[in-house]
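Asker: Below is the structure I would like to discuss, written out as structure tokens.
The values are calculated or read from the model by the stated rules, or taken from the named source; none is laboratory data. The structure presented is a predicted model; accordingly, all values stated were derived computationally and were not measured. Here the Cβ positions follow ideal geometry from the backbone for every residue, glycine too, while neighbour counts run over all protein chains shown.
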């Protein structure tokens, strides 16, 4: 295949100070920004949204969300190397039982980043990424304001049911306002990236504990529990783990990794994701009868026993920690059936597994409520606890389709209808979680706010980009106020908005107040679709 140049629209969010072992070069000023990138495939255009983080030691982590044939998938790249103005990385794809490696290299020249993608013996495919530097978002949302009074924090409202958590590599790179928000509203924290093998253990004799130590210390100071993420995973695991492909050597490396990391925080972490995402995506009637394991380096080297070994090593390292198997889409379809086969086998093999993590990356209007509830009861039937470990619910947007990963300048914010639909989905989810509170250990949101999320631009969380609670927050709290049937609540009319309603026209507030007092969500909606809700806490000073 001949080399092909494409105009590229990739979303490459880069924040880092790049340090090289030989001759340090600081290139964050050159690369920092937003890039849009599309690659052409036999199936059509693939849009990559890259996120690259390079720490002060020069260690890089690169992940992406890919829009591919009207579907979204997330990618964790491996072997990421930054050298001056050049970047190299690789993507590992699974097709059936075969695993393929796609190589990427990038070169910054002026305001353009030329990325070459190659696969096997095929020629390289070039794409030119053009820079799009967004304006800093305004601190105050230009949309009109509705003040809403909330008399309870979400972590307090569910204190007797389960923990409410959030994900992030706190406290580094978070503002004081964001740290205060996290500590005030959440009772647990999951490190988003800093405990993954590639970040914390980049070389066999090299460990990076600076961020993980800081997170654990910050959580202790703020009376928050910590859930470790993750010990064994097919992605973001350095190749040195598998060098030589000798099973005994690889097993020893796994044991030493788990013993060192989990042992370092013994008694300080409540729980661990021991194995993450080991089951293949999709499946059919035949694969649903099997474990349908991903053809990872762990499986290739150690066989299916690698999961049992990981749990046994984790129990030895921290006997009191709750040990999880964590995965996405395991609540539905053949993948759920495969998860039941896998978990049953692990228990039969004596693996000390305590709980299952359902990640919970869902879309408003398409949340599989019945499947979720059935999955919870199915896992409970095995004697396992359940947590929702990476919860977010993206909203659909006024066009009826998903928002892009980023909300570009001049595009519309979500309408009140979008926000209410999201709020209703969150209320239904939490009614299921509350109903099964004897099984649910924790519900963790995957991020802090609509800017601190891997799906930013799709407004998936309880706080907007300016740290203001959204209608979804109120809808969840309403479940605990004793009104209505808490198992199947209808929150389309019973979320009370107290305060001043300020209608707007063409993005500007009108000069006078239209109404004051209590309004239902439907009443506010009738005032105008341009209204957004800004919620304030009753106890705020």
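Asker: Can you tell me which residue in region 368-394 is modelled with the lowest pLDDT, limited to those that are more than 25 Å from residue 320 (Cα to Cα) and crowded, with 20+ Cβ neighbours inside 10 Å?
Answerer: 394
Asker: Just to be sure, is residue 240 surrounded by fewer than 17 Cβ atoms within 10 Å (Cβ to Cβ), outside any strand (DSSP E or B) and either in the same structural domain as residue 75 (by TED's automatic domain parsing) or modelled with pLDDT of 95 or more (or both)?
Answerer: Criteria met by residue 240.
Asker: With respect to residue 294, determine if the residue is surrounded by 15 or more Cβ atoms within 10 Å (Cβ to Cβ) and over 21 Å from residue 173 (Cα atoms).
Answerer: Against the criterion (surrounded by 15 or more Cβ atoms within 10 Å (Cβ to Cβ) and over 21 Å from residue 173 (Cα atoms)), residue 294 qualifies.
Asker: In this structure, does residue 157 turn out to be at pLDDT 95 or above and farther than 30 Å from residue 207 by Cα?
Answerer: Judged against the criteria, residue 157 is a match.
Asker: Ok, one more. When you scan region 326-337, do you find a residue that is touching a residue at least 60 places away in the same chain (Cβ under 8 Å) and within 20 Å of residue 361 (Cα to Cα), even just one?
Answerer: Yes: one or more hits.
Residue-by-condition table, conditions (1) surrounded by fewer than 20 Cβ atoms within 10 Å (Cβ to Cβ); (2) at pLDDT below 85; (3) more than 20 Å from the chain's Cα centre (by Cα); (4) not assigned by TED's automatic domain parsing to the domain that holds residue 75:
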site	(1), (2), (3), (4)
406	yes, yes, no, yes
416	no, no, yes, yes
426	no, no, no, yes
433	no, no, no, yes
439	yes, no, yes, yes
450	no, no, no, yes
470	no, no, no, yes
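Asker: Limited to region 162-181, what total is found for residues that are buried (at least 18 other Cβ atoms within 10 Å of the Cβ) and either touching a helix residue (DSSP H, G or I) at 6+ places or on another chain (Cβ under 9 Å) or at pLDDT below 95 (or both)?
Answerer: Qualifying residue count, region 162-181: 9.
Asker: Go through region 434-445 residue by residue and tally those that are under 19 Å from residue 184 (Cβ atoms) and assigned to a loop (DSSP other than H, G, I, E, B).
Answerer: The total comes to 0.
Asker: Tell me, please, whether a residue that is farther than 30 Å from residue 100 by Cα, under 22 Å from the mean Cα position of the chain (by Cα), assigned to a loop (DSSP other than H, G, I, E, B) and modelled with pLDDT of 95 or more can be found in region 212-228.
Answerer: yes
Asker: Yes or no: residue 262 more than 26 Å from the chain's Cα centre (by Cα) and crowded, with 22+ Cβ neighbours inside 10 Å?
Answerer: No; evaluated as a whole, the condition is false for this residue.
Asker: Sort out which residues of region 258-285 are more than 18 Å from residue 237 (Cα to Cα) and part of a helix (DSSP H, G or I), and write them in order of number.
Answerer: 263, 264
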